[in-house]
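Down below is the structure, laid out as structure tokens.
The values are calculated or read from the model by the stated rules, or taken from the named source; none is laboratory data. A quick note: this is a predicted structure, and the numbers were derived from the prediction, not measured. Glycine gets a Cβ as well: all are built from the backbone with ideal geometry, and neighbour counts include every protein chain shown.
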Amino acid sequence: MSAVIPLRRAEPAFEPGGFANHATPAVRNCWYVAGRGSEISRDLMRRKLLGVDVALYRTLAGEPVAVRNRCPHRSFPLAKGKLDGDILVCGYHGMQFDSSGQCVNMPSMPTTPTHASVRTYPCAERGPLVWIWMGNPDLADPALIPDTHWLNDPAWASVTGDFHMKSDYVSMHENLLDQTHFPFLHPGTVGTPEYARSKLDVREEDDRVIIHRALRNSPPPGIYGVPAEIMHKRVDRYSDSQFASPAMHVAFARIVDPEPDHGRPSQYRFNITHLITPESDGAIHYWWFNSRDFKLHDTDADGFLKAASEQAYLEDVDALEAILEVVTSEDEPQFDLNFAPDKPGLLMRRILHRRAAEEAGHPA
Amino acid sequence: MSAVIPLRRAEPAFEPGGFANHATPAVRNCWYVAGRGSEISRDLMRRKLLGVDVALYRTLAGEPVAVRNRCPHRSFPLAKGKLDGDILVCGYHGMQFDSSGQCVNMPSMPTTPTHASVRTYPCAERGPLVWIWMGNPDLADPALIPDTHWLNDPAWASVTGDFHMKSDYVSMHENLLDQTHFPFLHPGTVGTPEYARSKLDVREEDDRVIIHRALRNSPPPGIYGVPAEIMHKRVDRYSDSQFASPAMHVAFARIVDPEPDHGRPSQYRFNITHLITPESDGAIHYWWFNSRDFKLHDTDADGFLKAASEQAYLEDVDALEAILEVVTSEDEPQFDLNFAPDKPGLLMRRILHRRAAEEAGHPA
Amino acid sequence: MSAVIPLRRAEPAFEPGGFANHATPAVRNCWYVAGRGSEISRDLMRRKLLGVDVALYRTLAGEPVAVRNRCPHRSFPLAKGKLDGDILVCGYHGMQFDSSGQCVNMPSMPTTPTHASVRTYPCAERGPLVWIWMGNPDLADPALIPDTHWLNDPAWASVTGDFHMKSDYVSMHENLLDQTHFPFLHPGTVGTPEYARSKLDVREEDDRVIIHRALRNSPPPGIYGVPAEIMHKRVDRYSDSQFASPAMHVAFARIVDPEPDHGRPSQYRFNITHLITPESDGAIHYWWFNSRDFKLHDTDADGFLKAASEQAYLEDVDALEAILEVVTSEDEPQFDLNFAPDKPGLLMRRILHRRAAEEAGHPA
């Protein structure tokens, strides 16, 4: 009846062929990670995702449910209410919603207002992750959830961690598609000078950007070489790294030992999964998994890889937060320079820009 | 000579027949509580009221004075100055103002600039409260101050408290006009399920909204039943609750014991006074009084009623702050659903909207 | 290629003959103090100046260099990088810049992108201060740096201090040009009632505002009289105080003792230098020096003058922060009253307004 006036914000400017930046609205028609399955339980939980306050819980049968954290009656945050079986009960007037969001009781009314409902968001659980679709629900095809089967495959062992970052998903994806920063930002872990200069093949395919690199007869970086116990060798490195969706970057790395010692593998594989969900302007949720196909039950390898990954990603977090802070606190405009190795990032930024413009109904 | 540029804010949108919400400017032509009389003294005090910084003090004769906390010369906050008798002296250049706001001396000038003055706001003291009129001073008729004589009547005993809340006066008044939330938000104090479903009469009268409820042969709620020592009985409850002005909600509750024990009253009365003054966007001042006409000098009753009231109001504060936080932090628009029991609140919101629109010179 | 969208801000309103206030953009074509020379070293340092993030360092030869703290490639703050000789190396991709800002290496590129550079700002060191020019570099004539030779002259001894203030340079300059506030804001130090009422000559000259005061046969203020040991005397006071530039106010004070005791000077001189650099909206950097031409190596005099100055300036800081807080937190517009003694401040505000308007391309 009376609309709550939203906060005023600058209209995003879409130009044909433009590139997304920190100020571009997030693509909504996409599966994003809402959280780890282990976080979502019978205790109501609140998380902001793509600018929307969301309440998350599981039904008695264990299905994850995501509902707008705002009662349609008087905007009370539903995560401050309670669960009664599979019914979510608002803490203000006791309005009740089933897991589809349909109102099933309003205690102050003699009959149930069946026209009333709260928006729910399609959810799907895959391995350790719960995915959510914040866009047009008619488009929420579970087949679009990116493949992460290795996170749930006994042939792989994973370590994992997460960050809540004051950054944006564009900068984060650009960082992940860019390996030329390794020797400078991550000298202690993944960065080797040879790698930064190795030739890369880039291709764009179905709104994904895929980079292939091969580097032969080179010393391994510590993060791979130490757990594989091949730091004294020269190896061949292969990597396929891809912007898989606005929600995910994945890198498939392979280290080949051309002359393995007796009883040792000739190849070591690492799948690095990065999951990024915009929270609100200026903040993102970030989860990472470092998976390997060897030493599956080796707690030393776990410990080393978790520590080394965390150090490298913390360096990224620190850099990206510093960038956004400068970008948003200065009044001066800046036009970024681009170089040849920025091509993968620019392809990704053009995809994010085009999709955001389409969703906003702008020609792009 | 040169105007200080005010902060930019969105123009409020007034639609004919619309309903006030958290973003609607506060009605200014109204008496609001500026503070407790006990707070206002010979020590200069600062308080923000309806977006205006106000300095408060008492003259030597004890009269409360409210003056804009901003010297008309160079905007120095006058509450950081000092009192010299009934003269307020600015702490920056020593400019002096009498209690009407008229400049009576500017030390750096050979003659007094008699054209200079600072705005004062009409004040009036009633019982424990000092009221202020922040609107058009020509309309500041003391007869418009709402009746609160029971706060100063020896036939009544009161307990009191206050909150500084991150909320808005619309939500606060709506909460006070709405008793259907009692069983859900206040299960331990005022909420009984029977009460939430009891029939109410609503009428609008002279920009007030008055609700009458009667509930016969029902267990008393703890907050009334315990001090009256009638928790074991079934009683009749009568309540007249009203939106008395933008500044005040008052509830007159009566518990009738149809079969009083020997020497016991057949009726217990409670007047609950809620005083609400917008501070600035997103914050309000709130004072409450719980007054009774029995056990006038009973400190146990005082203690019980203060603790029970504070618990119930803290639940309201917590709920209303959570609502405003969601409403103002999300980008998504929301259209609230309304139900039949929301009628009193909607009548109140239409009054606040109409009066704000009139003050802004908008047709409404 | 794609511009980072700057924050939206209200367009400044320039009216012909108007007066600068807290909301007027800072004049940029001016030498400002970037910092003390002692702060700028081989360790990269970051400071926000006129809304721009600046990285400061010294070359191996000791020359101060100021460079925009934002890599032109991906906006990484260069102060988080490192120095390699006189080469500034970005911490993200290792892009290298010489002290003129020219890119001299981009590790990920086979050849150096010679079109790339980062903006540098002209710097000049004078005595204990490093000055910077944030405006049009073609106009950065070192001859425009205001004279502060006494800060580096063995005939003078100085004490110094600094503040980071939540204020604006207009209010600060107005405060410094105004001595009528001395008895009220600084009763314990510089304020004497006679002084506030003494006649002043004001003249405007080359965008400077110069005030001359003379006060004969008067008790000295403590801040001058105590170190000169003449508190028991009546003296003649002369002062030339000037708005020397948007970056500096300087006061030349002279106390003449008409009947000096045997072996005592007949005159004591004090040069008070105030250096003000806008940081961003709502904040300024402020450095002060209190210099004297007697008791050059007297640590007691140093201690007294530093403590007394700090007390007086802290009173100014406190007042100016209180003013800006009121001015920017209220919604109500205010038109400041002006009195005859405000003339110097108004002349200065007209200069700042005209110069800001010219720089913005507005007629003024």
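Residue by residue through region A:98-109, note down the ones that are among the hydrophobic types (A, V, I, L, M, F, W, C) and within 12 Å of another protein chain (Cβ to nearest Cβ).
A:C103, A:M106, A:M109
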Which one of A:D162, A:D207, A:D240 is touching a residue at least 60 places away in the same chain (Cβ under 8 Å), of a type in the set (D, E), surrounded by 14 or more Cβ atoms within 10 Å (Cβ to Cβ) and in contact with a strand residue (DSSP E or B) (Cβ under 6 Å, 6 or more places away or on another chain)?
-> A:D162
Would you pick out the residues in region A:71-88 that are in contact with a Phe, Trp or Tyr (Cβ under 9 Å, 6 or more places away or on another chain), more than 7 Å from chain B (Cβ to nearest Cβ) and without any contact (Cβ under 8 Å) to a residue 24 or more places away in the chain?
-> A:I87
Please state which of the following conditions B:V170 fails to meet, knowing it meets all the rest: (1) aliphatic (A, V, I, L, M); (2) under 30 Å from B:R354 (Cβ atoms); (3) touching a strand residue (DSSP E or B) at 6+ places or on another chain (Cβ under 9 Å); (4) at pLDDT 90 or above.
-> (3)
Within region A:89-98, is even one residue more than 22 Å from B:H186 (Cα to Cα) and in contact with a Lys or Arg (Cβ under 8 Å, 6 or more places away or on another chain)?
-> no
What about C:T160, is it closer than 29 Å to C:A66 by Cβ and not assigned by TED's automatic domain parsing to the domain that holds C:I284?
-> no
Keeping to region C:51-70, report how many residues are facing another protein chain (nearest Cβ under 9 Å) and in contact (Cβ under 8 Å) with a residue 40 or more places away in the chain.
-> 4
Name the pairs: first residue in region C:170-185 and more than 13 Å from B:G94 (Cα to Cα) and at the interface with chain B (Cβ under 7 Å from one of its Cβ atoms), second residue part of a helix (DSSP H, G or I) and not aromatic (F, W, Y), Cβ to Cβ under 7 Å, at least 6 apart or on different chains?
-> none
Just to be sure, is A:V27 part of a strand (DSSP E or B), aliphatic (A, V, I, L, M) and either in contact (Cβ under 8 Å) with a residue 24 or more places away in the chain or assigned by TED's automatic domain parsing to the domain that holds A:T114 (or both)?
-> no
Do we find a residue being facing chain C (nearest Cβ under 10 Å) and surrounded by fewer than 16 Cβ atoms within 10 Å (Cβ to Cβ) anywhere in region A:289-310?
-> no
Pick from region A:107-119 the residues that are surrounded by 17 or more Cβ atoms within 10 Å (Cβ to Cβ), of a type outside the set (S, T, N, Q) and closer than 27 Å to A:L49 by Cβ: which of them is nearest to the chain's Cα centre (by Cα)?
-> A:V118
Can you pull out the residues in region A:313-341 that are under 14 Å from A:T180 (Cβ atoms), crowded, with 20+ Cβ neighbours inside 10 Å and within 8 Å of chain C (Cβ to nearest Cβ)?
-> A:A319, A:P341
Which one of these is of a type in the set (V, I, T), modelled with pLDDT under 90 and either at negative phi or more than 18 Å from the chain's Cα centre (by Cα) (or both): B:T160, B:T192?
-> B:T192
Which residue out of A:A322, A:A301 is assigned by TED's automatic domain parsing to the domain that holds A:P227, of a type outside the set (K, R), modelled with pLDDT of 95 or more and more than 30 Å from A:R269 (Cα to Cα)?
-> A:A322
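Specify which of the listed residues (C:S171, C:S167) is in a loop (DSSP other than H, G, I, E, B) and among the hydroxyl-bearing types (S, T, Y).
Values: C:S171 fails: in a loop (DSSP other than H, G, I, E, B).
Within the list C:S171, C:S167, the selection yields C:S167.
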Could you grab the pairs with beta carbons closer than 9 Å, sequence gap of 6+ or different chains, first residue in region C:115-137 and more than 20 Å from C:A61 (Cβ to Cβ) and in contact (Cβ under 8 Å) with a residue 24 or more places away in the chain, second one assigned to a loop (DSSP other than H, G, I, E, B) and hydroxyl-bearing (S, T, Y)?
-> C:S117/C:S100
All positions within region A:39-69 that are of a type in the set (S, T, N, Q) and buried (at least 21 other Cβ atoms within 10 Å of the Cβ) = A:N69
Can you find even one residue in region B:313-325 that is over 29 Å from B:G18 (Cβ atoms) and in contact with a helix residue (DSSP H, G or I) (Cβ under 9 Å, 6 or more places away or on another chain)?
-> yes
May I ask you to verify whether C:R213 is closer than 25 Å to C:D298 by Cβ and basic (K, R)?
-> no
